[in-house]
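Down below is the structure, laid out as structure tokens.
The values are calculated or read from the model by the stated rules, or taken from the named source; none is laboratory data. No experiment lies behind these values; they were computed from the predicted model shown. All Cβ positions, glycine included, derive from the backbone under ideal geometry; neighbour counts span all protein chains shown. Quick note on the areas: whole protein, heavy atoms, side chains included, nothing else; ligands and nucleic acids left out. Shrake-Rupley method; radii C 1.70, N 1.55, O 1.52, S 1.80 Å.
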Amino acid sequence: MKTQMAAAFAGLVLLLTAPTSHAEQSIEQIYGIYCVQCHGLNRNGTGINVPSLSVKPRDHTDAKSMGDSSDEELTKAITEGGLAVNKSVLMPTWGHVLSEDQIKDMVKYLRKVCKCGT
Amino acid sequence: MKGLLLAVAGLTAAFLSSASAADKLDPSCSSCHALAKPTDTSLDRLLARKGPDLWYAGSKFNKDWLVSWLQDPKHIRPAGYPYFKNIKKGDKHDEPDPSKILAHPKLNKADAEAAADALMVLKAPDDLVPAGAFKGDMKGARMGALAFIKFRGCVGCHQGENGEGGLSGPELTDAGTRLQPDFIAAYISDPQRFDPHIWMPTANLKDLDIQRLTAFLAQLGQGGK
């Protein structure tokens, strides 16, 4: 019991002192972990989960459809999920997993991938 | 500095308290699985990991399942672990690359029983998997099935009933035989509390949804389908 408490306390201390941000991680790597499962290695909406998705994930290389969405909409879709922008629930909510800064970087990255918008 | 000392002291304590259980497992297990709560919560650790964490195994699995799976370990994660290292581009969409998905070490009966005993000792803290997190109402299972397939999009990443579903998360076709209901309820309410940076999103589910989804999953693979 005592060791458990000490352990729990140590965990807390570590949690508080450990660096909470991981800005070193490239945004491309983040995309490769969280987004590729549906949006695919080619970033065009062809991930391994696609056969079981009733709505096709957005093609992030498509300048036309991506260009039609503002930065605000993309930020909102990523943070709060598809439902928040009247799209499918199959686009998940990432606000709990990614930091605000990472989501900002992600939107910039998506602009690079689609070569569109601002 | 004082914090550091404390942390080191605590670390040693954490290590000692789980060491006895972990000792009973073959040392090879810990080369791929964390048997004590990792202090490194960085994304780098997730990238370097070779197998899922087992430090809360005693609160996650049903013991009978462990004993039989360790003797005949079939794939649980269709794209291996972690999925993003084992996929390749296909004709229409990405596919798991079978050449990268390794077979799991197989144990004989006696070793499987001993390993299951040792794993069942590795309990999650009470606040991570609270007893009674699933309130036990199985009547919600049908609504849970709808939430899983339709309203909450779980099927996008998990194979559920009839083995239909996505490939980036573990199969849940036999979730009821494999997992403890309290674990299911606790995990789906906040996966990152168990595993910082894991690629299952937190859907901000209401308790009613959590109860229904858990009821649905808890009866999968129980022979009642």
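Consider residue A:66 against the criteria (1) within 15 Å of the chain's Cα centre (by Cα); (2) assigned to a helix (DSSP H, G or I): it satisfies all of them except one. Which criterion is unmet?
Unmet condition: (1).
Checking the conditions here, which among A:87, A:112, A:104 is out of contact with any helix residue (DSSP H, G or I) (no Cβ under 8 Å at 6 or more places or on another chain) and among the basic types (Lys, Arg)?
Of the residues listed, the single one that is out of contact with any helix residue (DSSP H, G or I) (no Cβ under 8 Å at 6 or more places or on another chain) and among the basic types (Lys, Arg) is A:112.
What helices (runs of 4 or more DSSP H) completely inside the stretch B:169-221 contain at least 1 residues that are under 17 Å from residue B:130 (Cα atoms), open to solvent by less than 20 Å² (accessible area, probe 1.4 Å) and touching a residue at least 12 places away in the same chain (Cβ under 8 Å)?
B:181-189, B:191-194, B:207-218
Could you list, in sequence order, the residues of the stretch B:158-180 that are facing chain A (nearest Cβ under 8 Å) and within 14 Å of the chain's Cα centre (by Cα)?
B:168
Considering (1) over 22 Å from residue B:222 (Cα atoms); (2) surrounded by fewer than 17 Cβ atoms within 10 Å (Cβ to Cβ); (3) of a type in the set (A, V, I, L, M, F, W, C), say which one residue B:124 fails and leave the rest.
Unmet for residue B:124, out of (1) over 22 Å from residue B:222 (Cα atoms); (2) surrounded by fewer than 17 Cβ atoms within 10 Å (Cβ to Cβ); (3) of a type in the set (A, V, I, L, M, F, W, C): (2).
Determine if the stretch B:65-76 includes at least one residue that is within 13 Å of another protein chain (Cβ to nearest Cβ) and among the basic types (Lys, Arg).
Within the stretch B:65-76 (the criterion being within 13 Å of another protein chain (Cβ to nearest Cβ) and among the basic types (Lys, Arg)), the answer is no, since none of the residues qualifies.
Hey, residue B:104 hits all of (1) within 14 Å of another protein chain (Cβ to nearest Cβ); (2) surrounded by fewer than 20 Cβ atoms within 10 Å (Cβ to Cβ) but one; which does it fall short on?
If we test residue B:104 against (1) within 14 Å of another protein chain (Cβ to nearest Cβ); (2) surrounded by fewer than 20 Cβ atoms within 10 Å (Cβ to Cβ), just (1) comes out false.
Taking the conditions exactly as written (of a type in the set (A, V, I, L, M, F, W, C), more than 12 Å from chain A (Cβ to nearest Cβ) and open to solvent by less than 60 Å² (accessible area, probe 1.4 Å)), does residue B:61 satisfy them or not?
Spelling it out, residue B:61 is indeed of a type in the set (A, V, I, L, M, F, W, C), more than 12 Å from chain A (Cβ to nearest Cβ) and open to solvent by less than 60 Å² (accessible area, probe 1.4 Å).
Considering only the stretch B:137-168, state which residues are open to solvent by less than 50 Å² (accessible area, probe 1.4 Å) and in a helix (DSSP H, G or I).
B:140, B:141, B:144, B:145, B:147, B:148, B:154, B:155, B:156, B:163, listed by residue number.
Hey, any hits in the stretch A:15-22 for a residue that's modelled with pLDDT under 95, in contact with a Leu (Cβ under 6 Å, 6 or more places away or on another chain) and at the interface with chain B (Cβ under 9 Å from one of its Cβ atoms)?
Yes, the stretch A:15-22 has at least one match.
Report the residue count in the stretch A:90-107 for those that are open to solvent by 40 Å² or more (accessible area, probe 1.4 Å) and hydrophobic (A, V, I, L, M, F, W, C).
1
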